[in-house]
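Report on one structure; see the data block that follows.
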Amino acid sequence: MKNPLKDSQGMALVVAVLITAILLAISGASLFFSQLDLKITSNQKNSVRTFYTAEAGISHAMKTLTVINGSTDFQTVSTAEGSTPLLSNSAFAGGSYSVVGEPVAGSSPKRVKLTSTGCLPGGNPCPSGNSKAVIEAQVDNVNLPLPGTITLIGNSANFTGGTSNKKTLSGNDNPLCGSTPSLPVIAVTDAASKCCGPASVQTAINSSKPSTYVTSYAGGTQTDDVKASGAIDNIKSQSGFDLTNGNDLTVLVSKIQKNADSVVAGGATGVDLGSVGNEKVVVVNGDFVVSGNTSGAGILVVKGKLTYNGNVSYTGVILVIGSGVMQRNGGGNGTISGGIIVAKVAGGVIGSGPILDTSGGGDSTVQYCSSAVNKAFAKLVEMLAWKQNF
């Protein structure tokens with residue numbers, strides 16, 4: 001006769017073994033999936049890190065394009081044959097990025113495509129098995145040739161020249177800056193502003209020591225209607241900006257402001273205007289007064305009235321676009337080396353009567369300098385589009 005107790009003990013043993021096996025299987029599966037989750041999380045973390053590494057490469061390359069050196073600046077890269085290495089294996093956050101730039105075929109104005117490869121850990125080329133991310137971006141640059149050393153945009157341009165025999169206003173490129181073709185000392189955009197009525201710019205020059213206005217442009221022509229001469233059209237084809245179009249001037253100011261080192265309110269004081277070798281882009285949303293022995297370099301945009309007194313010097317481009325009034329008071333011997341643009345613009349419409357008054361005394365100088373202009377606008381590199389390539 002069978003013993004029921006022994007049968008129950010045997011069944012219990014089988015059940016225990018089965019339960020133990022199931023628990024071991026569950027534990028093994030849990031361990032496997034935990035390790036898998038950790039690996040997935042690690043891979044995701046590395047993917048994010050390499051993406052941000054590649055993104056950092058784009059930002060670094062954009063800054064590289066702003067430094068004029070004849071090899072990796074925007075103008076050189078945008079006209080090169082094929083791709084140009086910009087950065088190689090630059091360390092970042094435990095990895096590295098490498099960036100090349102190349103012209104965008106058929107783009108007008110010129111664009112550059114940047115391709116940044118982020119690698120974790122680093123390497124160029126990125127070794128097989130490393131985490132890798134690739135970002136492409138298209139960038140452009142404001143390459144704005146100046147129509148004149150001083151450009152007054154709009155009808156009925158109002159110019160007042162100083163009476164000092166020691167002042168100099170020159171459309172010739174400073175030999176220390178380059179050897180580009182000479183410009184009119186004062187460029188205007190309508191025939192009546194050029195010559196020869198009582199309110200014309202040429203009449204103002206003739207009554208304010210004309211020998212102090214120097215240029216080799218067109219046989220010594222001190223002022224010119226650059227709209228009639230075709231210079232405005234040439235500038236538009238190179239830069240994309242029509243300087244006689246109010247909307248284009250508004251867009252120009254907007255692009256400059258996007259790239260500004262500082263944007264300040266009208267009436268601001270103690271503003272860092274930069275220096276040669278450390279150029280700054282500054283936008284003033286209102287009137288601005290510069291006095292004393294102040295100096296600066298880069299781009300200065302003033303949307304209100306710009307007043308400068310004393311020995312003020314600036315290297316680069318000054319744009320007074322908005323109220324369109326620039327006035328120099330008093331004596332002094334400051335130098336503006338680069339170029340000036342003055343225009344009255346409101347609501348995308350150019351108004352008449354831009355004003356530049358340089359009636360102060362002293363031996364101040366306004367001198368065209370091609371390298372200062374180029375260096376100033378080189379800072380305006382802007383991203384237009386980007387995508388990630390997996």
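The values are calculated or read from the model by the stated rules, or taken from the named source; none is laboratory data. Note that the structure is a prediction, hence the values are computed from the model and not measured. Every residue, glycine among them, receives a Cβ derived from its backbone with ideal geometry; neighbour counts consider all protein chains shown.
Any residue that is without any contact (Cβ under 8 Å) to a residue 40 or more places away in the chain and surrounded by 18 or more Cβ atoms within 10 Å (Cβ to Cβ) - is there at least one of those in segment 261-269? Looking through segment 261-269, none of the residues is without any contact (Cβ under 8 Å) to a residue 40 or more places away in the chain and surrounded by 18 or more Cβ atoms within 10 Å (Cβ to Cβ).
For Gly348, state whether it is surrounded by fewer than 22 Cβ atoms within 10 Å (Cβ to Cβ), more than 30 Å from Lys63 (Cα to Cα), in contact with a helix residue (DSSP H, G or I) (Cβ under 7 Å, 6 or more places away or on another chain) and in contact (Cβ under 8 Å) with a residue 12 or more places away in the chain. Yes; evaluated as a whole, the condition is true for this residue.
For the residues Ala199, Ala187, the requirement of being surrounded by 23 or more Cβ atoms within 10 Å (Cβ to Cβ) and farther than 30 Å from Leu384 by Cα singles out Ala187. Residues considered: Gly274, Gly316, Gly324, Gly298. Of these, the only one that is farther than 27 Å from Ile350 by Cα and either at pLDDT below 95 or surrounded by 24 or more Cβ atoms within 10 Å (Cβ to Cβ) (or both) is Gly274. Just to be sure before I move on: is Asp357 in contact with a Phe, Trp or Tyr (Cβ under 9 Å, 6 or more places away or on another chain) and modelled with pLDDT under 95 in the structure I sent? For Asp357, the condition - in contact with a Phe, Trp or Tyr (Cβ under 9 Å, 6 or more places away or on another chain) and modelled with pLDDT under 95 - is met.
Take the conditions (1) buried (at least 16 other Cβ atoms within 10 Å of the Cβ); (2) in a loop (DSSP other than H, G, I, E, B); Leu176 misses just one of them, which is (1).
If you filter segment 335-345 down to residues that are crowded, with 24+ Cβ neighbours inside 10 Å and free of Cβ contacts under 8 Å to residues at least 40 places away in the same chain, you find that the one that is nearest to the chain's Cα centre (by Cα) is Gly338. Within segment 57-96, being touching a Phe, Trp or Tyr at 6+ places or on another chain (Cβ under 6 Å), under 25 Å from Ser108 (Cβ atoms) and free of Cβ contacts under 8 Å to residues at least 60 places away in the same chain holds for no residue. In segment 351-390, which residue that is out of contact with any helix residue (DSSP H, G or I) (no Cβ under 9 Å at 6 or more places or on another chain) and of a type in the set (Asp, Glu) is farthest from Asn174 (Cα to Cα)? This residue is Asp357. Of the candidates Lys258, Lys236, the single residue that is among the charged types (D, E, K, R), out of contact with any helix residue (DSSP H, G or I) (no Cβ under 7 Å at 6 or more places or on another chain) and closer than 25 Å to Pro184 by Cβ is Lys236. Residues in segment 179-206 that are outside any loop (DSSP other than H, G, I, E, B) and farther than 16 Å from Leu146 by Cα: Ala191, Ala192, Ser193, Lys194, Val201, Gln202, Thr203, Ala204, Ile205, Asn206.
Selection of first residues in segment 290-306 that are free of Cβ contacts under 8 Å to residues at least 24 places away in the same chain and at positive phi and of second residues that are part of a strand (DSSP E or B) and buried (at least 17 other Cβ atoms within 10 Å of the Cβ), restricted to Cβ pairs under 8 Å at least 6 apart or on distinct chains, gives the following pairs, ordered by first then second residue: Gly292/Asn309. For segment 321-380, a residue qualifies if it is in a strand (DSSP E or B), charged (D, E, K, R) and under 25 Å from Leu176 (Cβ atoms), and exactly one does: Arg328.
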